[in-house]
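Here the structure comes first, spelled out in structure tokens, and everything after it is commentary.
The values are calculated or read from the model by the stated rules, or taken from the named source; none is laboratory data. Values in this document were obtained by computation on a predicted structure and should not be read as measured data. Cβ placement follows ideal geometry from the backbone for every residue including glycine, while neighbour counts extend to all protein chains displayed. To get the accessible areas, we keep the full protein, side chains included, count just its heavy atoms, and leave off ligands, DNA and RNA. Shrake-Rupley method; radii C 1.70, N 1.55, O 1.52, S 1.80 Å.
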Amino acid sequence: MSMNTFGHLFRFTTWGESHGPALGATVDGCPPGIGINEEMLQVWLDKRKPGTSKFTTQRREPDQVEILSGVFEGKTTGTPIQLMIRNTDQRSKDYGEIAQAFRPGHADITYFQKYGIRDYRGGGRSSARETAARVAAGGVARAVLADLLPGLEIKGYMTQIGPHGIEGSRDMAEIDNNPFWVPSATTAEKWATYLDGIRKSGSSVGAIVEVVAKGVPAGLGAPIYAKLDTDLAAAMMSINAVKAVEIGEGMNAACLTGEENADEMRMGPDGPEFGSNHAGGILGGISTGQDVVVRFAVKPTSSILTPRKTVTKSGEDTDLITKGRHDPCVGIRAVPVGEAMMACVILDHLLLHRGQIGEGLRGKIG
């Protein structure tokens, strides 16, 4: 059994391989009557596509999305939406040497151990190229959210690359002005120098990405097995190369006292107001109405030019250098992917909430 579908009511199934003819997503559960077209989705895919700067893979893919079904006269019909993105710049010959050997730190070996066969051309389904389909599905989710929650804003950015964090105060206006999606022009300049050295050495480095959703209404999520943060953690952890996820204060909560960690409340003119947001906008698996804050850590790209010890399919020891075009920091292009997954989860839980509770909230405070 292969698990290629994510979501409950708003669901998407991704398909395709890195070096196949195309990849894409089948989106099901989208409400009817939502205005959508390929240009709207392309905005988000252009943020993720390769070759946008010297700090990403130089594979040249236009990532042009095609809508094959589920939309009529510019509006969703309520039937499955089929999205396709054609691959146009594959160089499968670059992967000839790993046909028989496994890249250390990569899913090559586990895919083979599980299935007994693997697509070694770029890693097949284990390639981060799969995330283009998620971004397309996230574009559909954003279109629905714009209709149902017009005040919602989802923003992702990098907070760390290798050992280097953001220096000084954050300026969110700078996120779209640099290749790292970092809210600091000064930090972007220093990161550029650092990553250029990593890139020229043929190595790679990891990163931390933060995604914030503003305008999320209170009440999304359910106790125990349908927690909003449970699905957010699963969504972010499912992104290729992600090795850790935090909600709100995350691991740092273990360092705080009860007095420090508790988000105190006072009654405001429009309801309860919180003095802090250590919980990341979620308590007991249910949104509080505050910003929903998620962070995830992306490991260094496994494909590097430094020789690494490994084994072959026949069980022999060997050293391997991975050729091809690879991201020196895959965290850069993970930012729009994290935004897309946030959009899909928020919409899914909004639809679940409406299905059980209806519009608004059941419990009135004050």
- [ ] Indicate the gyration tensor shape class of segment 84-196 (rounded, prolate or oblate), computed on the Cα atoms with a ≥ b ≥ c the square roots of the eigenvalues: a/c under 1.5 is rounded; otherwise a/b larger than b/c is prolate and the rest oblate.
- [x] oblate
TODO: Go through 280-286, 206-212 and give me the packing order, highest mean Cβ count within 10 Å leading.
DONE: 206-212, 280-286
Open item on the list: I'd like to know which of Ala343, Gly363, Ile304 lies farthest towards the positive end of the charge dipole of segment 304-366, counting +1 on Cβ of Lys and Arg and -1 on Cβ of Asp and Glu.
Closed with: Gly363
TODO: Between Arg86 and Thr193, with labels modelled 7 Å along Cα→Cβ, what's the label distance in nm to one decimal, could you check?
DONE: 4.5
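Near Phe274, within a Cβ-to-Cβ distance under 12 Å, what is the net charge of the other residues, with Lys and Arg +1 and Asp and Glu -1? All intermediate terms of the calculation are to be shown ahead of the outcome.
Values: positive: Arg266; negative: Asp263, Glu264, Glu273, Asp291.
In short, -3.
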TODO: Set the Förster radius R0 to 56 Å, insert the Cβ-Cβ distance between Asn277 and Ser314 as r into 1/(1 + (r/R0)^6), and round the FRET efficiency to 0.05.
DONE: 0.55
Task: Label-point separation in nm, Asp46 to Ala173, each point 7 Å along Cα→Cβ - done: 2.2
Open item on the list: In whole percent, and with a 1.4 Å probe on the protein chains, what portion of the accessible area of the chain is carbon and sulfur?
Closed with: 54
Task: Listed residue (Ala262, Leu320, Ala192) projecting farthest to the positive dipole end of segment 5-357, Cβ model - done: Leu320
- [ ] Calculate for the chain the 222 nm mean residue ellipticity that helices alone would give, adding -39,500 (n - 2.57) per DSSP H run of length 4 or more and normalising by residue count, nearest 500 deg cm²/dmol.
- [x] -8000 deg cm²/dmol
TODO: Report, in degrees rounded to the nearest 10, the 0 to 90 angle that the Cα long axis of helix 185-200 makes with the longest principal axis of the chain.
DONE: 20
TODO: Provide the solvent-accessible area of Lys200, counting protein heavy atoms only and rolling a 1.4 Å probe, rounded to the nearest 10 Å².
DONE: 150
- [ ] May I ask you to evaluate 6.51 cos²θ - 1.76 cosθ + 1.60, the Karplus curve with θ = phi - 60°, for each residue of segment 236-247 and list the ³J(HN,Hα) values in order in whole Hz, giving x for glycine and proline?
- [x] 6, 5, 6, 5, 3, 6, 7, 10, 7, 9, 10, 10
Open item on the list: Using a 7 Å offset from the Cα along the Cα-to-Cβ direction at both Ser69 and Ala226, what is the distance between the two label points in nm, to one decimal?
Closed with: 2.7
Open item on the list: Could you order the peptides 38-44, 306-312, 113-119 from most to least packed, using the average number of other C-beta atoms within 10 Å per residue?
Closed with: 38-44, 306-312, 113-119
Open item on the list: Accessible area per residue for the chain in Å², computed with a 1.4 Å probe and the full protein assembly in place, what is it?
Closed with: 47
TODO: Can you find, among Ser238, Pro31, Ser18, the residue farthest towards the positive end of the dipole of the chain? Put +1 on the C-beta of Lys and Arg, -1 on that of Asp and Glu.
DONE: Ser18
Open item on the list: Going by average Cβ density within 10 Å per residue, which order do the peptides 16-23, 266-273 take, highest to lowest?
Closed with: 16-23, 266-273
Task: HN-Hα J in Hz across segment 328-336 - Karplus 6.51, -1.76, 1.60, θ = phi - 60°, x for Gly and Pro - done: x, 8, 5, x, 4, 7, 7, 4, x
Task: segment 128-159 residues near the modelled Ser238 label - backbone nitrogen below 13 Å, point 7 Å along Cα→Cβ - done: 131, 133-135, 137-138
- [ ] Just list whichever of Lys75/Lys155; Lys214/Lys364; Lys47/Lys364; Lys49/Lys313; Lys155/Lys227 have alpha carbons separated by over 30 Å in the model shown.
- [x] Lys47/Lys364; Lys49/Lys313
TODO: Please state, as a whole number in µm²/s, the translational diffusion coefficient that the Stokes-Einstein equation yields for segment 225-337 at 20 °C and 1.002 mPa s, with Rh defined as the Kirkwood radius across alpha carbon pairs.
DONE: 123
TODO: Report, in whole Å, the centroid distance computed from the Cα atoms of segment 297-366 and segment 183-202.
DONE: 22
Task: Crossing angle, helix 131-148 versus the chain [Cα axis fit, 0-90 degrees, rounded to tens] - done: 20
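Might you report the magnitude of the Cβ-based charge dipole of the chain about its Cα centre, with Lys and Arg at +1 and Asp and Glu at -1, to the nearest 20 debye? Numbers along the way, then the final one.
Working: 39 positive and 42 negative charges, 256 e Å.
Dipole size: approximately 1240 debye.
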- [ ] Return the sequence-ordered ³J(HN,Hα) values of segment 275-291 in whole Hz as given by the Karplus equation 6.51 cos²θ - 1.76 cosθ + 1.60 applied to θ = phi - 60°, using x for Gly and Pro.
- [x] x, 7, 9, 5, 6, x, x, 9, 10, x, x, 10, 5, 9, x, 7, 4
Open item on the list: Rounded, prolate or oblate for segment 135-217? Axes are the square roots of the Cα gyration tensor eigenvalues, ordered a ≥ b ≥ c, and the cut-off for rounded is a/c under 1.5.
Closed with: prolate
